[in-house]
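Every number here is computed from the coordinates shown, using simple stated rules; none is lab data. In this text, all values refer to a predicted model and were calculated from it rather than measured experimentally. Positions of Cβ are backbone-derived with ideal geometry, glycine not excepted, and every protein chain shown enters the neighbour counts.
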Amino acid sequence: MVLRALLLLAATGIAGAHAAPVEYTLDPAHTTVYFSASHFERSSVRGRFAKIDGRLSYDADSGAGALDVTVDLGSVDTGNRTLDGVLRSAQFFDIAEHPVARLRANQFLTEAGRLVAVEGELTLHGVTRPLRLMAERFRCGEVTLFGVRRQVCGGDFRAEVPRSAFGMTRFLPEVGDIVTLQVAVEASPAETAPR
């Protein structure tokens, strides 16, 4: 009886060890933040940020996770150098004072075993506000690339953010207040992440 109890305790400990979340490092070559906003309500201003760093923690058994993403605002790229300069200036991002934006989410919301949203907060322009990113897709598992197998987590997320809530009101309403964010994330376990 004592032996059986010890075996049960050991098995419980082993099962618990497997349930620990896996730490992933974002792959900067496959992680991007895109944005778009209305321009005179006739077309859209679009761009992306080229320099992104961060990590993802995910427990496949429970569906719990955390996401921490830092965006270098100076890496903004709209394809228009003049506009990029305006966005970097004090009129918008003010990168001299606020060089990065940071997204931290620790609520992974699932329905029927599928990730539907992540909730947390966005710090931008020195202001922190709640943020909910809808998951368009998310998956973790083994992939094979050039004959090498590795674990990869990836997903596409979308959110709408009023820029005025972060103190960026220049050119309203000609340039829309609502900015659509599209976040593409790909990450590998920290010890195997591409450099």
| request: Set Lys and Arg Cβ to +1 and Asp and Glu Cβ to -1, take the dipole of the chain about its Cα centre, and tell me which of THR128, PHE138, VAL76 lies farthest positive. | output: PHE138
| note | Note, segment 118-131: 3J(HN,Hα) by Karplus (6.51, -1.76, 1.60, θ = phi - 60°), whole Hz, Gly/Pro = x, goes 10, 10, x, 9, 10, 10, 8, 6, x, 10, 10, 9, x, 9
| So what are the ³J(HN,Hα) numbers for segment 143-160, from phi and the Karplus equation (6.51, -1.76, 1.60; θ = phi - 60°), rounded to whole Hz, Gly and Pro as x? | 10, 10, 10, 6, x, 10, 8, 7, 7, 9, 10, x, x, 10, 10, 9, 8, 10
| query | If you plug each phi of segment 51-58 into the Karplus form 6.51 cos²θ - 1.76 cosθ + 1.60 with θ = phi - 60°, what whole-Hz ³J(HN,Hα) values come out, in order, with x for Gly and Pro? | reply | 10, 9, 9, x, 8, 9, 10, 8
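So what's the net charge close to ILE95: Lys and Arg +1, Asp and Glu -1, counting the other residues with Cβ under 10 Å from its Cβ? Don't skip to the end; give the middle numbers.
Numbers: positive: ARG88; negative: ASP72, ASP94, GLU97.
The answer is -2.
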| said: Could you order the peptides 152-165, 110-123, 65-78 from most to least packed, using the average number of other C-beta atoms within 10 Å per residue? | reply: 65-78, 152-165, 110-123
| What would the Debye formula give as log10 I(q)/I(0) at q = 0.10, 0.16, 0.19 Å⁻¹ for the alpha-carbon point model of the chain, no solvent? | -0.49, -1.03, -1.31
| said: If N is the number of residues in segment 82-195, what value comes out of its Cα radius of gyration divided by 2.2 N^0.38 Å? | reply: 1.30
| field | Formal net charge of residues neighbouring GLU142 (Cβ-Cβ distance under 13 Å; K, R +1; D, E -1) | value | +3
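Over the chain, what is the relative contact order in whole percent, taking alpha-carbon pairs under 8 Å and six or more residues apart? Don't skip to the end; give the middle numbers.
On the way: 427 pairs, mean separation 45.0, N = 195.
After rounding, I find 23 percent.
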| Amide H contacts under 5 Å for ASP94, placed H, 5+ residues apart | SER89
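Around ASP177, with a cut-off of 12 angstrom between Cβ atoms, what is the net charge of the other residues, counting Lys and Arg +1 and Asp and Glu -1?
Values: positive: ARG163, ARG170; negative: GLU41, GLU160, GLU174.
Cβ neighbours under 12 Å give a net charge of -1.
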| ALA190 to THR128: extension gain in nm, 0.36 nm per residue of separation minus the Cα-Cα distance? | 19.6 nm
| said: If amide hydrogens are placed 1.01 Å from N in the peptide plane, which non-local residues have theirs closer than 5 Å to the one on ASP27? | reply: GLU186, ALA187, SER188
